[in-house]
């Protein structure tokens with residue numbers, strides 16, 4: 001059955017504007033904290049894939065320029081290597097849907113902040129990654145605890161959309177590299193020897209497709225209705 005609910009074009013325009021700003025100014029100081037945060041999501045995606053395929057996380061590092069490394073022992077390399085982009089994309093989609101379709105914004109912000117602080121304490125062993133990660137986590141906890149739902153909704157939408165399209169933001173850099181130490185180059189060397197630019201483009205294209213599908217769900221305007229057994233309201237804008 002086709003969902004013919006009208007789209008919230010105002011929210012769609014807002015998300016588009018936020019992403020355009022991030023895309024244009026991703027390398028500027030204004031977005032540096034967000035870049036570090038999304039890099040942490042990326043590296044945690046590698047780590048989670050390693051754990052789920054029988055490996056373990058040794059250490060995660062993030063440098064002052066927003067580059068990161070996740071050292072995983074064991075696991076399936078063909079799953080671990082692309083899992084950074086897939087992980088940040090999946091996290092972004094989940095955050096977007098929760099922000100747009102529920103009134104759990106404050107709870108989601110606190111839960112996300114708590115998980116980020118815990119991950120930094122347990123795994124991150126670089127000062128830049130640890131300080132930015134824990135500061136971002138504590139800021140999310142404080143935002144969820146003391147700021148209103150509308151602010152947390154906007155914050156989560158921004159984090160979710162940029163995290164989901166991390167591959168697109170980073171593909172500009174990867175496509176300039178003929179070789180180097182990056183996910184696309186390692187996947188080409190270790191798994192299937194296509195040019196790294198091909199893998200970078202494919203991961204970026206996948207992130208666009210998944211984000212588009214997520215937005216179809218997230219941006220539908222539904223009439224307010226109680227969630228059975230919860231007392232919560234689904235958004236109607």
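Here, each number is a calculation from the coordinates, and none is a lab measurement. As the structure is a computational prediction, the values presented were derived from the model and not from experiment. Ideal geometry is used to build each Cβ from the backbone, glycine not excepted, and the neighbour counts take in all protein chains shown.
Neighbour counting of Cβ atoms within 10 Å sorts the residues 121, 38, 51, fewest neighbours leading, into 121, 51, 38. Taking a ≥ b ≥ c as the square roots of the eigenvalues of the Cα gyration tensor of segment 1-111, is the shape rounded (a/c under 1.5), prolate (a/b larger than b/c) or oblate? Verdict is oblate for segment 1-111. Go ahead and collect, in residue order, the members of segment 37-51 whose backbone nitrogen is under 14 Å from a label point 7 Å along the Cα-Cβ direction of residue 76. It comes to 49-51, nothing else. Scaled against 2.2 N^0.38 Å for its residue count N, the alpha carbon radius of gyration of segment 52-148 is 1.19.
Here the residues 25, 85, 71, ranked from fewest to most Cβ neighbours within 10 Å of their Cβ, fall in the order 25, 71, 85. Ordered by the count of other Cβ atoms within 10 Å of each Cβ, fewest first, 192, 21 give 192, 21.
Name the shape class, rounded, prolate or oblate, that the alpha-carbon gyration tensor gives for segment 35-95, where a ≥ b ≥ c are the square roots of its eigenvalues, rounded holds for a/c under 1.5, and otherwise prolate holds if a/b is larger than b/c and oblate otherwise. Walk me through the numbers on the way to the answer.
Values: a/c = 2.31, a/b = 1.25, b/c = 1.84.
Oblate shape, in that a/c is at least 1.5 and b/c is the bigger or equal ratio.
Here the alpha carbons of segment 9-218 define both size measures, Rg and Dmax, at 16.5, 51 Å.
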